[in-house]
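> I'd like to ask you about the structure that follows.
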Amino acid sequence: MDDIVRLKALSEQMSFEPAEDHSQDGTPYLDQTESCPEAVFVHPAVLPNGKKIKLLKTLLTSACERDCYYCAFRAGRDFRRATFQPEEFARLFVMLSQKGIAEGVFLSSGMAGGGIHSEDQLLKTAEIMRHKLGFKGYIHLKIMPGAERSQVERAMQLADRVSINLEAPNNDRLSKLAPHKQFTAELLQPLKWIDEIRKTQPPDKGWNGRWPSSVTQFVAGGSGESDLELLTTTDYLYHHLGLRRAYYSPFSPVPDTPLENQPPTPVIREHRLYQASFLLRDYGFDVEELPFEADGRLPLQTDPKLAWAQRNLSENPIEVNLAERQALMRVPGIGAKGAESILRIRRQVKIRDIAALRKLGVLSERAAPFLLFDGHRAAFQSILF
Ligand code: SF4
């Protein structure tokens, strides 16, 4: 196989890794296969600093000795496997970056020869790119299940972001998806090491003088898990292990795997999980406050912030002129920027109506049912209540 055919074979399944994706559905950024055959492998991406780039997402090898039930690359599945050696891939990628086709890379791998060997191959590739070929752009490196602590630390010295996929929220659920992965020893432990290294070693040991951010991914809906289980684990990762972001890849059945007849997870569930996870990470919500149904699922028809407000603020609206920042951010339509604007303006004048709120860039119609304006509900609310 020539290099480009191999790259296509290795990267075409990577839309199941939503990390950094700009488009919700992971659609490739460019589709200029006639004029530029390589461009189809590149995804739109938003970096941790907000910059948009063209990101090549690929595996180093699609050979795998594990048999995860949901995965297209599982051992024994009949398809043509492909592999790059570290030097080959590093040179190909740097050539693509010099041509302006890709600006960064998300590099993962199947498991061939054990987690330690597979991680070594990823590290070698990144080392060649950084130190032999002088690539200074964005690298997201996958940490393989079973990697050693010293390998995790080395990855953190080479990459802008590192990740290891938990796949499921706990050991029981993982056993339904990937019976040979060990939740605590192989998957959670590296995330703990990352946090420990960031907290105990100076950032100038990291790439570009700072430690990389860390993320993880769950296969949402693959193991019959509830949203409560996923978000409880997510909350722990955000608040105890310094995780930058949890990604939820909606389960999608792959032919010729044990889960091929399981229905796909609706995209709306993925959307609600992201909304709820941001409430935990950015808005000061606790897991117990989220509006779960009795079976631990989030309502699909309403976003979780609105559902929480309908239960808690409809009868007890917040005074927009007195509430603290954190309380304001719990109101639908008010985010961090909106709360800041409210705090700033009310030092000068009282906010008396929706029009004043609208001028601050707040989604005022959405917020108003849950607010008091100088002791009064907004005028239009007589219609709503
Ligand atoms: S270890 Fe990774 S590549 Fe291999 S079967 Fe499991 S999920 Fe797929």
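The values are calculated or read from the model by the stated rules, or taken from the named source; none is laboratory data. Computed from a prediction, not measured in an experiment: that's the story for all the values here. Neighbour counts are summed over all protein chains in view; Cβ atoms, including those assigned to glycine, are modelled from backbone coordinates with ideal geometry.
> Can you report the number of residues in the range 249-273 which are within 20 Å of Phe79 (Cβ to Cβ) and of a type in the set (A, V, I, L, M)?
Qualifying residue count, the range 249-273: 2.
> Output the residue which, of all residues in the range 98-152 that are part of a loop (DSSP other than H, G, I, E, B) and among the charged types (D, E, K, R), is surrounded by the most Cβ atoms within 10 Å (Cβ to Cβ).
Once the filter is applied, the top-ranked residue is Glu103.
> Does Phe292 satisfy the criteria of being closer than 27 Å to Leu357 by Cα, modelled with pLDDT of 95 or more and surrounded by fewer than 21 Cβ atoms within 10 Å (Cβ to Cβ)?
No, not satisfied.
> Which is within 19 Å of Gln13 (Cβ to Cβ), of a type in the set (Lys, Arg), within 12 Å of the ligand (Cβ to nearest atom) and under 26 Å from the mean Cα position of the chain (by Cα), of Arg74, Arg81?
Arg74
> Cβ-Cβ under 9 Å, sequence separation 6+ or interchain: first residue in the range 157-168 and in a strand (DSSP E or B), partner of a type in the set (D, E, K, R). Which pairs?
Going by the 9 Å Cβ cut-off, the qualifying pairs are Arg161/Glu20; Arg161/Arg244; Val162/Lys142; Ser163/Glu17; Ser163/Lys142; Glu167/Arg173; Glu167/Lys181.
> For the range 212-241, name all the residues that are part of a loop (DSSP other than H, G, I, E, B) and either polar (S, T, N, Q) or within 20 Å of Val46 (Cβ to Cβ) (or both).
Pro212, Ser223, Ser226
> Do we have Gly284 as assigned by TED's automatic domain parsing to the domain that holds Phe218, in contact with a helix residue (DSSP H, G or I) (Cβ under 7 Å, 6 or more places away or on another chain) and surrounded by fewer than 16 Cβ atoms within 10 Å (Cβ to Cβ) here?
Taking the combined requirement at face value, the residue satisfies it.
> Out of the residues in the range 44-71 that are in a strand (DSSP E or B) and within 13 Å of the ligand (Cβ to nearest atom), state the one that is farthest from Phe135 (Cα to Cα).
Thr61
> Would you check which residues across the range 244-281 are crowded, with 21+ Cβ neighbours inside 10 Å, within 26 Å of Met14 (Cβ to Cβ) and either aliphatic (A, V, I, L, M) or over 17 Å from the mean Cα position of the chain (by Cα) (or both) and list them?
Scanning the range 244-281 gives Ala246, Leu273, Ala276.
> Any chance you could count how many residues in the range 177-206 are over 21 Å from the mean Cα position of the chain (by Cα) and either under 24 Å from Glu225 (Cβ atoms) or at pLDDT below 95 (or both)?
Number of matching residues: 4.
> Filtering the range 165-176 down to residues that are surrounded by 18 or more Cβ atoms within 10 Å (Cβ to Cβ) and under 19 Å from the mean Cα position of the chain (by Cα), which residue is nearest to Val254 (Cα to Cα)?
Glu167
> If you don't mind, another one. Please indicate, with yes or no, whether at least one residue in the range 47-66 is in the same structural domain as Trp211 (by TED's automatic domain parsing), over 24 Å from the mean Cα position of the chain (by Cα) and more than 17 Å from Met14 (Cα to Cα).
Within the range 47-66, one or more residues are in the same structural domain as Trp211 (by TED's automatic domain parsing), over 24 Å from the mean Cα position of the chain (by Cα) and more than 17 Å from Met14 (Cα to Cα).
> Same structure again: Just one of Ala178, Ala168 is touching a helix residue (DSSP H, G or I) at 6+ places or on another chain (Cβ under 6 Å) and of a type in the set (Gly, Ala, Ser); which is it?
Only one candidate passes the filter, namely Ala168.
> Just checking, how many residues over the range 123-143 are within 13 Å of the ligand (Cβ to nearest atom) and in contact (Cβ under 8 Å) with a residue 40 or more places away in the chain?
Count: 1.
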